[in-house]
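The values are calculated or read from the model by the stated rules, or taken from the named source; none is laboratory data. Predicted model, so just to flag it, every value in this text is computed and none were measured. Positions of Cβ are generated from backbone atoms using ideal geometry, with glycine treated the same way; all protein chains shown enter the neighbour counts. These accessible areas exclude ligands, DNA and RNA; they are computed on the full protein's heavy atoms, side chains included. Shrake-Rupley method; radii C 1.70, N 1.55, O 1.52, S 1.80 Å.
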Amino acid sequence: MTEPILEVKNLTTSFSTDEGELIAVDDVSFTIDRGEIFGIVGESGSGKSVTALSILQLIDSTGQIDADEILFDGEDLLSASDEEIRQIRGSKMGMIFQNPSTSLNPVLTVGEQIAEVVRHHGDVDESDSFWREMGRKYVTGTSTQSPSWKRAVSLLEKVGIPAPEERAKDYPHQLSGGMKQRAMIAQALAADPELIIADEPTTALDVTIEAQILAELENLREEFDVSIIFITHDLGVIREICDNVTVMYAGEVMEAGDVRTIIEDPWHPYTQDLIACIPRLSDDREWLTVSEGNVPSLVNKEPGCPYRYRCDYEFGECTTESEKFAGSSANHQVKCHLHDPEHDEQLATMERESGLYDSQSTDSIDGGVSQ
Amino acid sequence: MNSTIAENELDGDTVLKAENVKKHFPADDSIVDKILGRSNSVHAVNGVSLSLQRNEIVGVVGESGCGKSTLGRTLSRLYEPTSGSIFFNGKDISSLSRKEEKKLRKEIQFIFQDPHSSLNPRRKIGELIGQPLEVHGIATGSEKREQVKQLLREVGLDPGQIDRYPHEFSGGQRQRIGIARALAVKPKLIIADEPVSALDVSVQAQIINLLKRIQDDHGFSMIFIAHDLRVVKHISDRVFVMYLGEIMEKAQTDDLYDNPQHPYTRALLEAIPNIDSESNREDTILTGDPPDPIDPPSGCPFHTRCPEYIGDICENEKPPLEGATDHAVSCHWKDRSTKERLEHAPPGGTD
């Protein structure tokens with residue numbers, strides 16, 4: 001592979017609130033290669049969306065982004081001016097949001113919305129001045145003969161919308177949830193971006209439609225040669241589509257590596273719990289395995305591992321920050337004291353006692369971590 | 001249509017029994033329709049029969065727009081059925097006076113999908129959970145407060161949080177508040193409409209275990225509506241698969257998962273992301289969206305997307321829901337073998 005499309009080094013995003021400083025993203029680093037689908041997984045409040053928004057610098061004015069480097073296509077985004085960032089958003093980086101019903105403009109047809117992006121960021125020879133845009137949007141509509149409209153229709157076709165000429169003239173409410181999400185994807189692709197950030201793009205959809213959208217994204221990766229950051233809370237979806245994955249909890253990276261390693265040989269107790277609690281068609285247990293508790297408050301966070309309050313392996317060391325330890329495969333990393341080579345003995349004891357872990361995990365009765 | 005099944009289900013103590021229930025909503029008519037005097041309607045629920053035993057949990061599964069939520073609301077009489085009859089505890093509830101309806105509300109409770117919009121943000125959770133106790137004259141004052149605390153304990157919340165507002169809780173905790181409120185009046189039937197689909201996977205498991213546990217403790221019947229067959233499996237005794245307002249297949253839970261008969265059921269099962277193995281399911285993905293319920297397809301409603309479409313019969317004739325007592329399926333090609341199924345290429349007309 002050539003140089004990576006995106007390199008994030010030691011990203012920290014914090015917000016000042018009345019109660020104190022809220023650290024939403026805490027020292028996160030990752031690298032995404034060209035054409036890669038990169039997953040970020042974690043529960044609500046684990047900082048996965050803020051990580052993505054920090055890359056695009058779409059953070060509230062109360063927020064503060066700190067990083068050693070955010071290199072996108074060789075360019076450092078941290079030193080870029082507002083205008084340069086604005087040019088990158090949309091043209092080089094596209095965004096797909098979770099809820100297509102609230103992210104599309106309800107008073108414009110989907111074709112109009114996609115054509116607008118094409119005019120702003122694509123290479124069509126059409127004026128995108130303010131008054132021309134207003135006139136097009138609210139008076140005349142984009143001419144169906146114009147290059148931007150034609151491009152919009154061809155994008156809708158590419159994302160698998162049947163009868164795209166007709167659908168382009170529809171308003172968002174006339175489309176089903178799955179169709180709206182496809183239209184969002186078409187819009188993100190409009191300027192032929194290098195990277196698409198998809199923030200829970202299938203969470204609001206039915207399983208059948210989710211499967212369609214995942215297949216579509218994989219095809220588009222091939223066709224447009226685009227990298228994708230895929231954010232979700234479902235490791236099952238990660239396995240379907242991603243190459244590499246980062247597991248986040250309370251703003252921190254708990255474990256990272258290639259998807260197969262993370263799912264088949266997870267080292268961090270949090271990853272293990274996330275995998276264990278997914279209901280499976282194949283198991284006949286009466287009770288599901290659960291990891292009780294919630295993500296802790298990120299305001300005035302205490303030092304140490306944030307998962308220790310819910311972790312079954314918690315021990316003395318956990319109140320101090322853990323280093324990142326190398327895992328079982330090339331890029332596998334885990335941030336947990338249990339995997340400190342110096343604590344081998346500790347880990348051995350824990351594993352010996354894992355029978356105890358199975359029977360004691362609250363509420364899960366015959367639960368336990370499948371390993 | 002399925003009288004043999006219905007009769008069998010009458011044995012034992014049936015809590016709810018619905019016969020050929022339909023719910024149609026008026027749709028906007030176009031100018032042309034108005035001139036011609038036609039009127040359209042959305043066929044949300046189109047002739048559903050089901051019965052529910054005491055302490056039984058029945059899962060209802062289908063895609064968005066298949067009418068599962070409308071079915072839940074019609075059965076609990078939040079909607080009035082367009083036609084058909086609904087018996088609750090042996091009494092016809094298809095049409096009721098206001099007074100009778102209020103009494104029914106105590107017996108049938110609802111858990112909603114979105115815990116953010118179903119709790120009044122201006123009221124403390126103690127008031128929210130206590131309100132049904134007051135409305136139905138069960139408890140007031142300090143007695144009410146005691147009961148609310150007990151309910152909070154039961155759903156795994158700290159009774160000390162009784163004077164907090166909904167926004168101070170996470171999504172999973174809010175769903176617990178919704179469950180406590182439904183539980184407050186000791187209902188005989190709870191209808192849970194997608195209670196976990198808005199939650200994280202990790203929290204879904206917590207809520208499902210909680211619902212099972214309180215069902216064990218209190219003994220009520222439940223209709224559990226969801227679009228994800230994984231979720232339904234763990235909680236249901238029987239499962240109904242719905243498509244375009246009709247039941248496609250119904251069976252005991254184990255039987256349905258081990259031996260799904262309807263092509264639609266199989267498609268739903270195959271759509272589930274599988275974490276335990278690398279899948280290669282490109283060719284089994286169901287294409288397209290469900291058709292418009294204003295103008296449902298003729299014959300079998302699934303024929304436009306069916307991978308096992310066999311020809312004109314699917315388009316012209318609606319297959320009856322029939323089969324063994326506890327496993328019925330609505331399909332023209334039921335007796336096929338796996339081999340036949342895999343080798344089958346649908347004749348032109350579908351995609």
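Listed values, structure above:
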item: Residues being modelled with pLDDT under 50 and of a type outside the set (Asp, Glu) - total across region A:325-371; result: 14
item: Residue check, B:Asp158 under 19 Å from B:His227 (Cα atoms) and more than 12 Å from chain A (Cβ to nearest Cβ); result: no
item: Residue among B:Gly323, B:Gly245, B:Gly288 that alone is within 13 Å of chain A (Cβ to nearest Cβ), small (Gly, Ala, Ser) and touching a residue at least 24 places away in the same chain (Cβ under 8 Å); result: B:Gly288
item: Which numbered condition A:Asp68 fails, given (1) touching a strand residue (DSSP E or B) at 6+ places or on another chain (Cβ under 6 Å); (2) without any contact (Cβ under 8 Å) to a residue 24 or more places away in the chain; (3) surrounded by fewer than 16 Cβ atoms within 10 Å (Cβ to Cβ); (4) not aromatic (Phe, Trp, Tyr); result: (2)
item: Single unsatisfied condition, A:Cys305 versus (1) at pLDDT 75 or above; (2) open to solvent by 30 Å² or more (accessible area, probe 1.4 Å); result: (2)
item: From the options A:Gln212, A:Gln187, residue that is part of a helix (DSSP H, G or I), away from every other protein chain (no Cβ under 14 Å) and polar (S, T, N, Q); result: A:Gln187
item: Counted residues, region A:215-239 - those being open to solvent by less than 10 Å² (accessible area, probe 1.4 Å), in a loop (DSSP other than H, G, I, E, B) and at the interface with chain B (Cβ under 10 Å from one of its Cβ atoms); result: 0
item: Verdict on B:Glu270 being charged (D, E, K, R), open to solvent by 10 Å² or more (accessible area, probe 1.4 Å) and at pLDDT below 90; result: yes
item: Residue check, B:His227 open to solvent by 20 Å² or more (accessible area, probe 1.4 Å), touching a Cys at 6+ places or on another chain (Cβ under 9 Å), on the phi < 0 side of the Ramachandran plot and not β-branched (Val, Ile, Thr); result: yes
item: Single condition A:Thr202 does not satisfy, out of (1) assigned to a loop (DSSP other than H, G, I, E, B); (2) farther than 30 Å from B:Asp237 by Cα; result: (2)
item: Subset of region B:44-90 (residues that are open to solvent by 50 Å² or more (accessible area, probe 1.4 Å) and closer than 17 Å to B:Tyr264 by Cβ); result: B:Ser64, B:Gly65
item: From the options B:Arg238, B:Arg305, residue that is open to solvent by 10 Å² or more (accessible area, probe 1.4 Å), under 26 Å from B:Leu50 (Cα atoms), more than 14 Å from every other protein chain (Cβ to nearest Cβ) and touching a strand residue (DSSP E or B) at 6+ places or on another chain (Cβ under 8 Å); result: B:Arg238
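Yes/no per residue for (1) in contact with a strand residue (DSSP E or B) (Cβ under 7 Å, 6 or more places away or on another chain); (2) among the aromatic types (Phe, Trp, Tyr); (3) within 22 Å of B:His136 (Cβ to Cβ):
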| site | (1), (2), (3) |
| --- | --- |
| B:Leu71 | yes, no, no |
| B:Thr74 | yes, no, no |
| B:Gly84 | yes, no, no |
| B:Phe88 | yes, yes, yes |
| B:Ser97 | no, no, yes |
| B:Glu100 | no, no, yes |
| B:Ile108 | yes, no, yes |
| B:Phe112 | yes, yes, yes |
| B:Asn120 | no, no, yes |
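One line per residue, one yes/no per condition, for (1) among the acidic types (Asp, Glu); (2) more than 12 Å from every other protein chain (Cβ to nearest Cβ):
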site: A:Asp283; (1), (2): yes, no
site: A:Pro296; (1), (2): no, no
site: A:Lys301; (1), (2): no, yes
site: A:Cys305; (1), (2): no, yes
site: A:Tyr309; (1), (2): no, yes
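This table checks each residue for (1) open to solvent by 20 Å² or more (accessible area, probe 1.4 Å); (2) within 12 Å of another protein chain (Cβ to nearest Cβ); (3) modelled with pLDDT under 90; (4) touching a helix residue (DSSP H, G or I) at 6+ places or on another chain (Cβ under 6 Å).
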{"residue": "A:Tyr249", "(1), (2), (3), (4)": "no, yes, no, yes"}
{"residue": "A:Ile263", "(1), (2), (3), (4)": "no, yes, no, yes"}
{"residue": "A:Leu288", "(1), (2), (3), (4)": "no, yes, yes, yes"}
{"residue": "A:Glu292", "(1), (2), (3), (4)": "yes, yes, yes, no"}
{"residue": "A:Asp312", "(1), (2), (3), (4)": "yes, no, yes, yes"}
{"residue": "A:Glu323", "(1), (2), (3), (4)": "yes, no, yes, no"}
